[in-house]
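Take a look at the structure below.
The values are calculated or read from the model by the stated rules, or taken from the named source; none is laboratory data. Quick caveat, the model's predicted, so the values are computed rather than measured. Here the Cβ is made from the backbone with ideal geometry for all residues, glycine too, and neighbour counts use every protein chain on show. Each accessible area value is taken on the protein alone, full model and side chains, heavy atoms only, with ligands, DNA and RNA left out. Shrake-Rupley method; radii C 1.70, N 1.55, O 1.52, S 1.80 Å.
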Amino acid sequence: MINPFDMVLFGGGGDLALRKLLPALYRAFREGSLVEGCRILPVCRRQSDVDQYIETAHQALQKYLREGEYSASSWDQFSQLLCPIALDIAVPDSQWDHLAEILGSDSERVRIFYLAIPPAVFGPCCENLSVKGLITGNSRVVVEKPLGYNAQTSDEINSKIASYFPEDSIFRIDHYLGKETVQNLLALRFSNVLFEHLWDAKTIDHIQISISETVGLEGRAGFYDETGAMRDMVQNHLLQLLCLIAMESPNSMSAKNIRAEKIKVLEALRPLTGNLVDKNVVRGQYIAGQINGSDVPGYLDELDGGTSSTETFVAIRAHIDSWRWAGVPFYLRTGKRMEKRCAEIVVQYKNVSHHVYDESAGKIVPNRLVIRLQPEESIKLVLMAKKMDSLTTELQPAELNLTLSDTYDSFRSDAYKRLMLDAAANNPALFIHRDEVAAAWAWVDPIIEHWRETANQPQPYPAGSWGPEEAEKLLSRTDRHWFNAQ
């Protein structure tokens, strides 16, 4: 059971808090994970926002909760936990004293400072927390990506936070790590001897990790045009999933041991520099097209015209130079305005070494393990089997399919709920250590720098497609292809 805590949501009136954090906390409340005495303190910049915050939160829950989740009686009880306050984060004036009065002087009570704010104000916020004496031995700070623009700015931000909070009190969040299917990936790998013996270069041909979105900028034009898909998605989400797929078994499932194995993967990634970037990386930018039968504008149209070389799509062929993965390509792909919203990992096995059936039995398709993270969460294994309705021997692919929402009637995966409760319980296993952030930037930065030096321009792809044609060629040159979500 988690002890009562205070969670201060800096940026409490922002999109992240209203769309993700409050619904996650509401779900935790309904399932009994928020014990009596817990308080949620959303921080707003203006008193007018505070005055109407309860109604704003009420409308947000009704909008963003899943069908059947909202309950008027539960909302009435949950709203009693909300204590919005007005505070200008960057200014150390009397408003901070008001926050100190609310938090009180109990140094044993857990305090969680969730920074759902731009990274530029992480430092001033932590500094003011320190100046006002609000950081106790039981305080934790949760920070959202992106942590910087490159390795240098990331290190500056981390150093600033570290001057006020020890590393074991800093929780860097990547919500993909909180998905139950991602956790099931670890259980699948390290609790089943079947897969452990089939998880290396001897049996696996290649691995694909794809995160595709159908949405465009969604009001984030300023942020996204300065960031792009490489910084926004590859440097964190995709590389974290790559680590979990490729890491060696830790001695135990402690945060320290998991982190050590993940860092080994990042350090073993073969560097992509110079011409290797051109051969192994494809970047794209969507143009006008159709999503689900509706016309949608191109990226430049959403920027109100002008020019931009920001990528909305990235595909990468990566290699991990280790005994386990020697010669196995890892294909990473992410993009906006794609044909379908999906996040999945595909482990493609090698073909059988000797075909005992003749051609009349049909083509043998190599085994494939598909781990889907969204929108539905499932694990599927593709095997070859005989057609049961044929007297002759005819082979066809058959699927062993575990759809978690069907198997568990009450299954409601919420990554943010899981991670916020883990922060409250002081469990850092699913959060990212500073060394991981640095190792990821060390691999990503040379790719971005090569684009800058060569004035590389993203290739256009129609909205509603699966990206530029060059992305398909990245695989087809070696007789492989992308497994696009169905």
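Would you mind calculating the gained length between LYS264 and ASP49 on full extension (0.36 nm times residue separation, minus the Cα-Cα distance), in nm to one decimal?
Values: separation 215, 0.36 × 215 = 77.40 nm, distance 4.61 nm.
Contour length minus the Cα-Cα distance gives 72.8 nm.
Keeping all protein chains in place and using 1.4 angstrom, which order do CYS83, CYS342 fall into by accessible surface area, from largest down?
On the way: CYS83 50, CYS342 5 Å².
Largest accessible area first, the residues go CYS83, CYS342.
Apply 1/(1 + (r/R0)^6) to the Cβ-Cβ distance of LEU400 and ALA90, taking R0 = 41 Å, and write down the FRET efficiency to the nearest 0.05.
Numbers: r = 54 Å, r/R0 = 1.33.
So the FRET efficiency works out to roughly 0.15.
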Spelling it out for ASP205: with amide H atoms placed in the peptide plane at 1.01 Å from N, the residues 5 or more places away or on another chain with amide H under 5 Å from its amide H are GLN348, TYR349, LYS350
Contour minus Cα-Cα span, VAL215 to GLN290, at 0.36 nm per residue, comes to 25.9 nm
Calculated from DSSP helices alone, with each H run of at least 4 adding -39500 (n - 2.57) and the total divided by the residues of the chain, [θ]222 nm to the nearest 500 comes to -9500 deg cm²/dmol
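Let me check against my output: what whole-number percent is the relative contact order of segment 1-128, with C-alpha pairs under 8 Å and at least 6 apart?
On the way: 165 pairs, mean separation 49.4, N = 128.
Relative contact order of segment 1-128: 39 percent.
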With a 21 Å threshold on alpha-carbon distance, the violating pairs from LYS160/LYS336; LYS202/LYS256; LYS145/LYS336; LYS179/LYS340 are LYS160/LYS336; LYS202/LYS256
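Compare ARG45, ARG66 by solvent-accessible area with a 1.4 Å probe and give them largest first, with all protein chains kept in place.
Working: ARG45 170, ARG66 90 Å².
Largest to smallest exposure gives the sequence ARG45, ARG66.
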Sorted by chain and number, the residues with a modelled amide H under 5 Å from that of VAL110, at a separation of 5 or more or across chains, are ASP6
Residue-ordered couplings for segment 277-291, obtained by feeding phi - 60° into the Karplus form 6.51 cos²θ - 1.76 cosθ + 1.60 and rounding to whole Hz (Gly and Pro as x), are 5, 4, 7, 10, 10, 10, 10, x, 9, 6, 10, 4, x, 10, 10
Placing each pseudo-label 7 Å from Cα in the direction of the beta carbon, ASN427 and HIS98 end up separated by a distance in nanometres of 3.6 nm
Expected field for SER94, accessible surface area in Å² at 1.4 Å probe radius, rounded to 10, holds 80 Å²
So for R0 = 25 Å, FRET eff. of LYS363-SER476 from the Cβ-Cβ r, to 0.05, ends up at 0.85
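Given a Förster radius of 51 Å and the C-beta distance between ASN251 and ASN150 as r, what FRET efficiency does 1/(1 + (r/R0)^6) yield to the nearest 0.05? Mind showing how you got there, number by number?
On the way: r = 33 Å, r/R0 = 0.65.
Efficiency for this residue pair is about 0.95.
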Relative contact order of the chain (C-alpha contacts under 8 Å, at least 6 apart) in percent is 17 percent
Taking a probe of 1.4 Å and leaving out DNA, RNA and ligands, segment 1-60 shows per residue an accessible area in Å² of 45 Å²
